[in-house]
1. Looking at the range 224-247, is at least one residue at pLDDT 95 or above, β-branched (Val, Ile, Thr), out of contact with any helix residue (DSSP H, G or I) (no Cβ under 8 Å at 6 or more places or on another chain) and closer than 23 Å to ALA132 by Cα?
2. For the range 46-87, what are the residues that are buried (at least 18 other Cβ atoms within 10 Å of the Cβ), part of a helix (DSSP H, G or I) and in contact with a helix residue (DSSP H, G or I) (Cβ under 7 Å, 6 or more places away or on another chain)?
3. Just give me the residues in the range 188-204 being hydrophobic (A, V, I, L, M, F, W, C) and out of contact with any strand residue (DSSP E or B) (no Cβ under 9 Å at 6 or more places or on another chain), in sequence order.
4. Can you tell which of ALA132, ALA115 is closer than 18 Å to GLY57 by Cβ and either out of contact with any Pro (no Cβ under 9 Å at 6 or more places or on another chain) or buried (at least 18 other Cβ atoms within 10 Å of the Cβ) (or both)?
5. Can you name the residue in the range 23-41 that is out of contact with any helix residue (DSSP H, G or I) (no Cβ under 7 Å at 6 or more places or on another chain) and outside any loop (DSSP other than H, G, I, E, B) and, of all such residues, is surrounded by the fewest Cβ atoms within 10 Å (Cβ to Cβ)?
6. I'd like to know if the range 214-227 contains one or more residues that are more than 21 Å from HIS91 (Cα to Cα), of a type in the set (A, V, I, L, M, F, W, C) and without any contact (Cβ under 8 Å) to a residue 40 or more places away in the chain.
7. What do you reckon, is VAL76 within 22 Å of the chain's Cα centre (by Cα) and of a type in the set (A, V, I, L, M)?
Amino acid sequence: MDIDALLAADPITWDSSWTAEDVILYHLGIGAGVPATDPGELRWTYERDLVTLPTFGTVIGFMPIHHYAALPGLDVDLRMLVHGEHRLDLHSPLPTAATSTSSCRPVAVHDKRQAAAVVFETTTAVDGAVVATNTMTAYIRGEGGFGGDPGPTPARIRAPKRPADVEITRPTLEQQALLYRLCGDANPLHVDPEFAAAGGFERPILHGMCTFGMAAKAVVDQLLDGDAAAVAGFGARFSGVVLPGDALTHAAWRTDEGIVVESRVADRTVLKQALLTLRSRTGWGGVSRPTGG
């Protein structure tokens, strides 16, 4: 990996326009529509009263996998690339359809000893106005130890020392990764058993961004009464592997900073350091606003 060449690369830009069908497919890809006749679920899956979940912003801000290989200086085995952290910032609520352009550029490379952490920033604009910014940290195993800057130490997001305000368990489907990949993440790691085995996994794994979306949906449904427009951002660290068919349990705590989220499979935490922030501090979707952490 040539770090200087990578950081000097021109941004990669693509047409990221979307339709209501794209939004519905994403919602189905993260498990929406159960029960199929539930009015709250139909808001995510039926075009008549369709609402866009905030984390759809990760789909329009996801750079197609073949573009990574085209970046100068990023001559790496993509089987060694895993999604380590992600932050989505929404500058306005997302419509159900729009003509948009997204642009991605590498902004930093950090030395994590056993891996190189490459930070990519993607902005998505509609009519010239940025509606979403995605900051993705990709860990490339085997590319660390080059003597570089380890990067900043982020502020630790801790769950309050009290029971979660909500805890919800949802199954994933055996074919969940096959469905979610239709949202644009065609990495063979999520579909090809041989590719996954070469990367050190027992079988194809679920996309981290699918877990990310499932966690956000659980919070929006359970703590915000489905008010998607209330969400200003969501960020998390991926700390474990989810296999299609695993049951995910999402725990969430209301705090003064926002809603802290942790997701687990059985007793393994797979999503942590997660915080969903809100546009308004005056309402909590029908539940009491906290007075402290």
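The values are calculated or read from the model by the stated rules, or taken from the named source; none is laboratory data. Just so we're clear, the structure is a prediction, and the values are computed from it rather than from any experiment. FYI the Cβ positions are ideal-geometry reconstructions off the backbone, even for glycines, and counts take in every protein chain you see.
1. no
2. If the condition is that a residue be buried (at least 18 other Cβ atoms within 10 Å of the Cβ), part of a helix (DSSP H, G or I) and in contact with a helix residue (DSSP H, G or I) (Cβ under 7 Å, 6 or more places away or on another chain), then PRO54, THR55, PHE56, THR58, VAL59, TYR68, ARG79 are the ones that fit.
3. VAL191, PHE195, ALA196, ALA197, ALA198, PHE201, listed by residue number.
4. Matching residue, one of ALA132, ALA115: ALA132.
5. Applying the filter and picking the extreme gives PRO39.
6. No, the range 214-227 contains no residue that is more than 21 Å from HIS91 (Cα to Cα), of a type in the set (A, V, I, L, M, F, W, C) and without any contact (Cβ under 8 Å) to a residue 40 or more places away in the chain.
7. no
Okay, residues lined up against (1) among the hydrophobic types (A, V, I, L, M, F, W, C); (2) within 24 Å of ASN187 (Cβ to Cβ):
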| site | (1), (2) |
| --- | --- |
| GLU85 | no, yes |
| THR99 | no, no |
| CYS104 | yes, yes |
| VAL109 | yes, yes |
| LYS112 | no, yes |
| PHE120 | yes, yes |
| THR123 | no, yes |
